[in-house]
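The values are calculated or read from the model by the stated rules, or taken from the named source; none is laboratory data. A quick note: this is a predicted structure, and the numbers were derived from the prediction, not measured. Here the Cβ positions follow ideal geometry from the backbone for every residue, glycine too, while neighbour counts run over all protein chains shown. All accessible areas refer to the heavy atoms of the entire protein, side chains included, with ligands and DNA or RNA removed. Shrake-Rupley method; radii C 1.70, N 1.55, O 1.52, S 1.80 Å.
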Amino acid sequence: MDTDTHSIGGKSAIMDDTDRKIIAILGKNGRISYTDLGKEIGLSRVAVQVRVNALIDEGVIEGFAAVINPEKVGISVSAFFNVEVEPKYLQQVADTLEHEPQVTSLYHMTGPSKLHMHGLFTDHHEMEMFLHEKLYLLPGITSVDTQILIKRYKSRTGIRL
């Protein structure tokens, strides 16, 4: 049996092949019942539920969410931003941007205090207002490079195991 030991929140969490199978299945179908999940991997519903709860408690599974097609709900602009920030303002800018509803992901990347951000907007006007009324006004912003998505070929949630 292949296992990995991780320290999560001071606890030692051991993930085995069964946990990996559970995570892989949940990554494809987060709505699967514990009974059906158990049938797929050869465990009882209760055993699966115990394992899933342990993975949640250990922080391995951070949550469950529906994957929404933005265009189907009236969000027509998907944009990526590379935002350069003076180092002393980096945390402050990140803290502000993470609470903006249009921002879907925000990462600190290598390079000169660079934030990489993705945002979803109903239209170009909303994106322009976000830039002028929120992003550009933040202290320490030295440059913003914006790229608008033309076509989505693949979008992935979760991780590859």
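Brief remarks follow.
- Averaged over its residues, the chain has an accessible area of 68 Å² per residue, based on protein heavy atoms and a 1.4 Å probe.
- Cross-link table LYS28/LYS151; LYS72/LYS134; LYS21/LYS114; LYS21/LYS72; LYS39/LYS72; LYS114/LYS151, entries beyond 28 Å C-alpha to C-alpha: LYS21/LYS114; LYS21/LYS72; LYS39/LYS72
- Relative contact order of the chain, pairs being alpha-carbon contacts under 8 Å that are 6 or more residues apart, as %: 22
- Chymotrypsin sites (Phe, Trp or Tyr not before Pro) lying in DSSP loop within region 61-100, provided at most 10 other Cβ fall within 10 Å: PHE64
- The Cα-based radius of gyration and maximum Cα-Cα distance (Dmax) for region 30-161 are 19.3, 56 Å.
- For the chain, carbon and sulfur atoms together expose 51% of the accessible surface, with a 1.4 angstrom probe and every protein chain in place.
- With both labels modelled 7 Å from their Cα along Cα-to-Cβ, the LYS72 to ARG156 distance reads 2.2 nm.
- Once both labels are positioned 7 Å from their Cα atoms along Cα-to-Cβ, the gap between ILE32 and HIS99 label points is 3.9 nm.
- Considering only VAL83, THR142, ALA47, and ranking their Cα positions along the charge dipole of the chain that arises from unit charges at the beta-carbon of Lys, Arg, Asp and Glu, the one farthest toward the positive end is ALA47.
- Debye, to nearest 20: dipole size of region 102-158, +1 on Lys, Arg Cβ, -1 on Asp, Glu Cβ: 420
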